[in-house]
Amino acid sequence: MSGQTLAQIPEAFRGLFEPHRFKVFYGGRGGGKSRSFARALLLLGTQRPLRVLCAREIQLSIRDSVKRLLDDEVRRLELGSFYHSTDAELRGANGTLFIFAGLRSNPEKIKSYEGLTHCWIEEAETVSDRSLDLIAPTMRTPGSEIWISFNPDRVNAPVWRRFVVQAPPDALVRKVGWRDNPWFPEELRKEMEHCRATDPARWAHVWEGEPRLVAEGSYYGRLLQRAEAEGRVGRVPAEPGLLVHTAWDLGMGDSTAVWFFQHLPAGRLGEWRFIDFYEASGEGLAHYAEVLARRGYRYGKHIAPHDIAVRELGTGKSRLEAARALGLNFEAAPRLPVADGIEAARQVLENAWFDREKCGRGLSCLWGYQREFDQARACFRTQPLHDWTSHGADAFRYAAVGFRGEVRGFEPLRKTRNIRSI
């Protein structure tokens, strides 16, 4: 790609010209994602013949697609002599073709497309798991790429869960925003500054691209917002002089989640440094023992759920005994009501630091952990919703209650019958 061509793309989007199976760009309003994607694909289409599917979850007519945006960028780039636009397609002089479709309404048609080199999924926040499952096998041309652009909304949205929380192999995932957009208009800047001054929470979601809290049911959302505002989420390397402790939620035929943390005695509760997180499913204890060994930390306590000492009917041995055979000496967390554990976790969050990159999935679990919603009564129940966030959130709770003996001044846990979200 020539320097002149790259100069027509904002610096933050130069990765669009690198070879990756998935290219995922997300962030707040005014980041220039759609315009940069359109411009990059049009420029690439002049270099070699491309066959590009421009998709979104629902497209009732061509007016719902990105075709108008592509036509506008053709004019801005002065490529009108190369590209010819019809009512339903955009064609290049070298055979490049842009076609447009809705994923939900045309699944069979999309599966029939041959020779696709690129798929651009715009407004991917609303795309369903079913549609995402449809796209990957459709893009079977060697070297084909899937481009995804969206403004985050929900932490449990399929696109957030699949591509930000736990990115697939060969994925370029970038957060971009208004600061990265050289075309950011003054009108939007005034709107953004007004939002920042009058509604910081909405500003963080709309303009900074932070996922919205899961309504009023979020257990830890506001505490995590405070941690972000205070700069306690970023790069948190392991302190060489401190032991690394682990807290586990052990799944039986389900996910197992592990938090890695250090504790620095300071003040009433000390400073909790969460430096790493790991989660997998369908693996035995030997797999996790190997993961710990590869991490190379100098370990202290390994905290497990209270029921780890229960013997399994098949083997007559407990997971506690099986773990000891692998060199993992677990300590069982005390058996407490879930509500009391959540209250302990909140106390920890007030004094916690997180490594944003290594703890990415774990943080998403904490962000998304919420009370179950009663659809019939249109209110939240007292118990947590059991979903993909539960394992990471439960492991964090075990860290809070299981490490209590090491922390001076921890307020006694009270029996909490009806814990509210904050």
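Quick notes on this one:
- Relative contact order of segment 233-406, pairs being alpha-carbon contacts under 8 Å that are 6 or more residues apart, as %: 29 percent
- Cα gyration tensor shape of the chain, rounded if a/c is under 1.5, else prolate or oblate by comparing a/b with b/c: prolate
- If R0 is 41 Å, the Cβ-Cβ spacing of SER85 and ALA286 corresponds to a FRET efficiency of close to 0.10.
- Among PRO137, TYR297, PRO49 the positive-end extreme of the charge dipole of the chain (Cβ point charges): TYR297
- Under a model in which nothing but the beta-carbon of Lys, Arg (+1) and Asp, Glu (-1) is charged, the chain shows a dipole of about 360 debye around its Cα centre.
- Antiparallel bridge percentage (DSSP; both residues within the chain; nearest 5): 40 percent
- Most mobile of SER390, SER144, SER85 in a GNM of the chain (Cα contacts under 10 Å): SER85
- Hypothetical label at ARG14: residues of segment 166-190 whose amide nitrogen lies under 19 Å (7 Å Cα-Cβ projection): 172-183
- Charge dipole (Cα centre; +1 on Lys/Arg Cβ, -1 on Asp/Glu Cβ; no other charges) of segment 59-138 amounts to roughly 160 debye.
- Top of TYR398, TYR26, TYR297 by mean-square fluctuation, Gaussian network on the chain, Cα under 10 Å: TYR297
- Kirkwood Rh in Å, taken over all unlike Cα pairs in segment 142-191: 13.4 Å
- Extreme residue, positive dipole direction of segment 165-248, given options LEU188, GLY234, PRO168 (C-beta unit charges): GLY234
- Taking a ≥ b ≥ c as the square roots of the eigenvalues of the alpha carbon gyration tensor, segment 159-249 is prolate, as a/c is not under 1.5 and a/b beats b/c.
- As a length-normalised measure over Cα pairs under 8 Å and 6 or more apart, the relative contact order of the chain settles at 16 percent.
- About the centre of its Cα atoms, segment 3-180 shows a dipole size close to 200 debye [charges on the beta carbon of Lys, Arg (+1) and Asp, Glu (-1) only; nearest 20 debye].
- Antiparallel content of DSSP bridges confined to segment 233-406, in %, to 5: 65 percent
- Top positive-direction residue, dipole computed over segment 233-406 with Cβ charges, set ALA345, LEU243, ALA399: LEU243
- GNM on the chain, alpha-carbon springs under 10 angstrom: the most fluctuating residue among TRP147, TRP259, TRP183 is TRP183.
- Overall form of segment 233-406 per C-alpha gyration tensor (a/c, 1.5; a/b vs b/c): oblate
- Cα-based equivalent ellipsoid of segment 3-180: semi-axis lengths in Å, sorted from largest, via gyration tensor: 23, 20, 15
- Linear extension gain, ARG222 paired with GLU186, 0.36 nm per residue minus alpha-carbon span: 9.9 nm
- Ordering of 286-295, 348-357, 319-328 by packing [mean C-beta count within 10 Å, highest first]: 348-357, 319-328, 286-295
- Overall Cα dimensions of segment 147-299, principal axis frame, Å, largest first: 57, 43, 32
- Selection of GluC sites (Glu not before Pro), segment 201-260, meeting DSSP coil and at most 15 other Cβ within 10 Å: GLU230
- Length gained when the stretch ARG130-ARG104 is fully extended (0.36 nm per residue, less Cα-Cα span): 8.5 nm
Since every read-out is calculated from the coordinates, none of them should be taken as a lab result. Since the model is a prediction, treat every value here as computed from it, not as a measurement. Please note: Cβ atoms are built from the backbone with ideal geometry, for glycine as well, and neighbour counts cover all protein chains shown.
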